[in-house]
Each structure stands twice: as structure tokens, then as C-alpha cells.
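All remarks here apply to the structure that follows.
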Amino acid sequence: MELLNKTEALEGLLLRLAERHPQREFLDKQLYRASGGKRGEGRLKARFKEFWIEEAFTALWDISLTLGDWPVQIDGLLLTERCAVVIESKNISDEIHFDEATGEFFRIAPDGNKTTLEDPRVQLAKHVRFLERWFRLQKIPLPVTGLSVFTAKQCEFASKPRGAPICKAYQMPDYLLNIWQSYPPTLRAPNSRKSASCFSAIKPLLDGTPFANATQSMPPTSKPASCAANAAHLP
């Protein structure tokens, strides 16, 4: 039996509640936020189609992983021969502020209302550490980094830390390319099958792991590696 995602669970619960139930307003707000997050993730995947490198790569979406009693939910994961990039989707609108003096992260709505939120860099750093530990346990010598992507259409950075791994959705392909280029090329003999062995090493990460879909690509001279039955291959 498949588990319901958060949006489906909230929709089902609301259908069972009376119109005047005291928790209905709260659950309506939770459903609105969950639906917004899904829309943001959809924009993330759509924009990823613009990303391309002359090397084998795989993008996995909606990944649930655990290490002991430490569970994580990763929005996206780009796997290349040079590095792995955790991609976090942030559907936060309005005027965005990062206060470097206090470490606070907040947004200001058009009506002037200020809302303090968790700094997205903190969650991203946790997920990067998680994956680094996972790779070490699997004996996969692949460096891990990350990128927070703000997907809301009405989003304006009033301030942003210099050099922080943060961007808007339309900037994501270039940011991912720059991250990939910052790592040295993998040394290999011409026409070798290192790509296949690389993804074979990461295969234990995928076994038994639920994820919505995958996007894969290999250089034109190689055949795409098969990591998922519903993988979509870029042209």
C-alpha cells in the first residue's frame, strides 16, 4: 500500500471534517502551503530541463532517506561524476532578507508584515552532511555540496549573503553548471566506462528508496544508465 503525500492526506482529512470544525481553518492553511510547495517543486523540475553538461548525470526528485533514526526529505539530487548536489526548493514569496549581523532570515509582505523563518542554509547544510555520511558508509568517494532554489514567482532578494548557494529558479541551471565546473574533472582513460561504474557505486543509495522520478543523461557516445523504470532521458 502506498503512503499518501502531505497534500493528499490533508485533502482527505478536510473532506471528512465538518464545515465549522475548529481545526478546519488551520488545516486549510496547511493545505495551501503544501500545495504551494508542490507547485514550486514542479517549477524546479521544469527549469532543470535547461541544465546540460558533457558528462553523465542523473537528477533524482522527492527522495526520502534515513540513517538510523535520522530521516530526511530531499527535494532534488544531482549526481555527476565530479560531485553530488543537493537541491532544496523554497517556495517563499515577498521581500526576502538575510541579516548577517544577527543570523536571522525573514520576509516582509506587501502590507509590511514581517515573518521570521528558518534560514534555508541551515537545512541545506544538514542534508549535505547527511549525504556525506551516507556516501562514506557506502564507500562512495564523491564530494557533496548543495543549492537552495527559491521558486516563488513573487520573490525579491532585498539582501543575500555574498557567495551563498542561493538562487532563483531561472538561475538554477547556471548555478548548477558553475558548481559542477568548480570541481576538477574526473581522470579517466578515453572511451572508458567510468560513467557506468560511477552510477553502479551509487546504486545502493537508490535501492529501496522512494522517489517520484529521475532524469538521466549520458554523453552521446554512451548508452544511458538505467536507474529507474520511469526515467526520462534528455535529448
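For the stretch 110-126, enumerate the residues that are out of contact with any Leu (no Cβ under 9 Å at 6 or more places or on another chain) and closer than 28 Å to Lys45 by Cβ.
Thr115, Leu117, Glu118, Asp119, Pro120, Arg121, Val122, Gln123, Ala125, Lys126
Return the residue satisfying two criteria in turn: it lies in the stretch 70-104 and is touching a residue at least 24 places away in the same chain (Cβ under 8 Å) and among the polar types (S, T, N, Q), and of such residues it is farthest from Asp174 (Cα to Cα).
Ranking the qualifying residues of the stretch 70-104, first place goes to Ser93.
Looking at (1) part of a helix (DSSP H, G or I); (2) loosely packed, with under 13 Cβ neighbours inside 10 Å, which is the one condition that is false for Pro184?
Of the numbered conditions (1) part of a helix (DSSP H, G or I); (2) loosely packed, with under 13 Cβ neighbours inside 10 Å, the odd one out for Pro184 is (1).
Looking at (1) at pLDDT 95 or above; (2) more than 23 Å from Ala46 (Cβ to Cβ); (3) surrounded by fewer than 19 Cβ atoms within 10 Å (Cβ to Cβ), which is the only condition Asn178 fails?
Going through the list (1) at pLDDT 95 or above; (2) more than 23 Å from Ala46 (Cβ to Cβ); (3) surrounded by fewer than 19 Cβ atoms within 10 Å (Cβ to Cβ), Asn178 breaks only (2).
Which one is nearest to the chain's Cα centre (by Cα) among residues in the stretch 130-185 that are basic (Lys, Arg) and within 21 Å of Trp61 (Cβ to Cβ)?
Narrowing the stretch 130-185 to residues basic (Lys, Arg): 133, 136, 139, 153, 160, 162, 168.
Cutting the leftovers down to within 21 Å of Trp61 (Cβ to Cβ) gives us 153, 168.
On the way: Lys153: 18, Lys168: 13 Å.
In this case the residue turns out to be Lys168.
Could you tell me how many of the residues in the stretch 63-87 are buried (at least 18 other Cβ atoms within 10 Å of the Cβ) and either over 19 Å from Gln181 (Cβ atoms) or within 9 Å of the chain's Cα centre (by Cα) (or both)?
10
I'd like the full set of residues that are aliphatic (A, V, I, L, M), under 22 Å from Lys45 (Cα atoms) and in a loop (DSSP other than H, G, I, E, B), limited to the stretch 151-170.
Passing the criteria: Ala152, Ala164.
Only one of (1) without any contact (Cβ under 8 Å) to a residue 60 or more places away in the chain; (2) surrounded by fewer than 18 Cβ atoms within 10 Å (Cβ to Cβ); (3) touching a Leu at 6+ places or on another chain (Cβ under 7 Å) is not met by Arg107, so which one is it?
Only one criterion is unmet by Arg107, namely (2).
The values are calculated or read from the model by the stated rules, or taken from the named source; none is laboratory data. Note that this is a predicted model, so its numbers are computed, not measured. Note: ideal-geometry Cβ built from the backbone for every residue, glycine included; neighbour counts use all protein chains shown.
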